[in-house]
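Right, one structure below, let's go through it.
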Amino acid sequence: MKSAEEDLRERTLGKITGIWGKLTYLAGRRSADGRYQHWGFQRAHGTESAQDAFLRVHHSLIGTILQTRLRSLREELAQSSSAAGTSPSSYVSMLRAGLYGLLPAGCPKATELHLISILKTLAILESHSQPGSRSSSRPLQLGRSLPPPADV
């Protein structure tokens, strides 16, 4: 028999598209009191074993996100948003709106701030790539100074 953590990673999260989809799923399993709710998983592995597995996997997934290159996270955003039937821009907005639910219990402030910066950067990149946006006609050049506003 598989451990609760292996079962969660392989059988449950293995069916979910993209790292952001997996994170959204884990965050959605948490109730207001911070405990993860999944009756079938709890029945199969026991309540405490299920809680421990969800918490460990949630922390591990956050760690993976924080160590992943932005280009890959943006590709993952496209996959997760497509699976959810929405645009990457809408999906990252949804992630930003539910930021504190995305973090597992006990995350350090630095982890929170790092995730905030990743989501903000993805939102900016997506806003610049949308058709019809003022800047979509020219590529976003990171590391260069922006010109002053026209009204100055």
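The values are calculated or read from the model by the stated rules, or taken from the named source; none is laboratory data. Bear in mind the structure is a predicted one, so any value in this text is a computation, not a measurement. A quick note on method: Cβ atoms are made from the backbone with ideal geometry, for glycine too, and the neighbour counts reach across all protein chains shown.
Observations
- With a requirement of 1 or more residues that are more than 24 Å from Glu126 (Cα to Cα), among the aromatic types (Phe, Trp, Tyr) and out of contact with any His (no Cβ under 8 Å at 6 or more places or on another chain), the helices (runs of 4 or more DSSP H) lying completely within segment 1-104 that satisfy it span 39-45.
- Residue check, Ala27 under 12 Å from the mean Cα position of the chain (by Cα), closer than 27 Å to Lys2 by Cβ and not acidic (Asp, Glu): yes
- Residue within segment 114-130 that is loosely packed, with under 10 Cβ neighbours inside 10 Å and at pLDDT below 90 present: no
- Verdict on Arg56 being farther than 29 Å from Ser129 by Cα, more than 12 Å from the chain's Cα centre (by Cα), in contact (Cβ under 8 Å) with a residue 40 or more places away in the chain and surrounded by fewer than 16 Cβ atoms within 10 Å (Cβ to Cβ): yes
- Exactly one residue among Gln42, Gln67 is surrounded by 15 or more Cβ atoms within 10 Å (Cβ to Cβ), more than 12 Å from the chain's Cα centre (by Cα) and not hydroxyl-bearing (Ser, Thr, Tyr), and that residue is Gln42.
- Residue satisfying condition, being under 20 Å from Gly28 (Cβ atoms), among the hydroxyl-bearing types (Ser, Thr, Tyr) and buried (at least 17 other Cβ atoms within 10 Å of the Cβ), within set Tyr100, Tyr91: Tyr91
- Evaluating Ala83 against the criteria (1) out of contact with any helix residue (DSSP H, G or I) (no Cβ under 9 Å at 6 or more places or on another chain); (2) under 26 Å from Gln37 (Cβ atoms); (3) of a type in the set (A, V, I, L, M, F, W, C) leaves one unmet condition, (1).
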